[in-house]
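Report on one structure; see the data block that follows.
The values are calculated or read from the model by the stated rules, or taken from the named source; none is laboratory data. Keep in mind that this is a model prediction, so the values were computed, not measured. We place every Cβ from the backbone using ideal geometry, glycine too, and count neighbours over all the protein chains shown.
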Amino acid sequence: MTTAGAPFSSSLICGVRSVHFGVTNLVSTVEFFTQGWGLTEANTSDAVHLRGTGPDAYIVALQQRPQTEILRVDLLASDRAAVDALHARLAKAGATDLSAPKAIDEYAGGYGLTVRDPEGRLLRIVADDLRHADTQDAIDRPRKISHVVMNSSDSATVEAFYTQTLGLRLVDRSRRITFLNCNSDHHSIALVPGNHTALHHIAFEVPTFDALMRGIGRLREYGTNVAWGIGRHGPGNNIFSYFVGPENIPLEYTTEVQQIDSTYRVGAPDDWKPLPGRMDQWGATSPPSPDMVKAEHSVRFSPEPF
Ligand SMILES: [Fe+2]
């Protein structure tokens, strides 16, 4: 699985920008994501928008709600023409709750549409949104969202939606997880086949292994300990540490994500057989804590309009 070719560029989607959460305690959740997780406030107009060190206008948005849930996942399209092309594809596929592309009247603006995936998750696809110019890495803070992983009770249908309609590429299939790619990162979206549709986890990229360890240290001082890790995954080859965030939100710091291109050979479960007793390459970590496993099945995607 070597890489030595052109970047994978056939996808109209080019990354995950941000995730909107409804939370029951907005004040303490904002405190966690700023003081513990390392994000900074970018805008507090209609929601608390928090940014990483990368160019994305924001990567987490938080709003007070009666229950903890994901309100929306925002995907980046390469440009306005890509938004229009995706709208045509989605309309042809009969996608649910599809809106016409238009100028977006909320923080970060841009041009985009909204749609629900086949299991009801609300997506915004946006281009030409606000980008930050100050993008210097910090020694201990996240840059961006690396990937979103979702449990799925109908993974074949959901996989077909993200690949055939939205144009992401299947890059690996392990025993438990299906990995989908849309830029140089090994995966940006992944599916865990099962019996429900909740969030599995959201991974935030930090620039280095040292930054990951410094982030772990800050979180420990904040009162949040590692719930799984530190380890190195098979598919994606990324270093990971997992945490149970506020209100059971499942979170990951990750770094050294494998960078791939169009020559990457799609992997199958037999390519990713773990060594006996191991859940990662190093074998240095215990399995996820029971609280982490619970969190990976706890936060639903809101079915309500947003
Ligand atoms: Fe992950």
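Here are some notes:
- Residue among A133, A156 that is surrounded by fewer than 20 Cβ atoms within 10 Å (Cβ to Cβ), assigned by TED's automatic domain parsing to the domain that holds N238 and of a type in the set (G, A, S): A156
- Residue match in the range 236-248 (condition: surrounded by fewer than 19 Cβ atoms within 10 Å (Cβ to Cβ), within 16 Å of the ligand (Cβ to nearest atom), outside the structural domain of V30 (by TED's automatic domain parsing) and not aromatic (F, W, Y)): yes
- Filtered residue count, the range 55-108, keeping only those that are of a type in the set (S, T, Y) and out of contact with any Ser or Thr (no Cβ under 7 Å at 6 or more places or on another chain): 2
- In the range 56-70, the residues that are more than 16 Å from N25 (Cβ to Cβ) and assigned to a strand (DSSP E or B): D56, I70
- Candidate set: the range 158-181, residues that are part of a loop (DSSP other than H, G, I, E, B) and farther than 19 Å from R72 by Cα; chosen: the one farthest from the ligand (Cβ to nearest atom): G167
- Pairs where the first residue, in the range 218-231, is within 16 Å of V293 (Cα to Cα) and the second is among the charged types (D, E, K, R) and part of a helix (DSSP H, G or I), C-beta under 7 Å, 6+ apart: A227/D291
- Residue, farthest from R175 (Cα to Cα), within the range 226-259, restricted to residues that are charged (D, E, K, R) and part of a strand (DSSP E or B): E252
- Filter pass, G194 being closer than 20 Å to G267 by Cα, modelled with pLDDT of 95 or more and of a type in the set (G, A, S): no
- Only residues that are in a loop (DSSP other than H, G, I, E, B) and either small (G, A, S) or over 26 Å from L71 (Cα atoms) (or both) were counted in the range 186-225, giving 7.
- For the residues T224, T208, T255, the requirement of being more than 14 Å from the ligand (Cβ to nearest atom), buried (at least 17 other Cβ atoms within 10 Å of the Cβ), assigned by TED's automatic domain parsing to the domain that holds N183 and among the polar types (S, T, N, Q) singles out T224.
- Count of the range 192-205 residues, restricted to those that are under 25 Å from P55 (Cβ atoms), among the hydrophobic types (A, V, I, L, M, F, W, C) and either outside the structural domain of S153 (by TED's automatic domain parsing) or touching a residue at least 60 places away in the same chain (Cβ under 8 Å) (or both), is 3.
- Within the range 121-151, the set of residues being assigned to a strand (DSSP E or B) and within 15 Å of the ligand (Cβ to nearest atom) comprises K144, I145, S146, H147, V148, V149, M150, N151.
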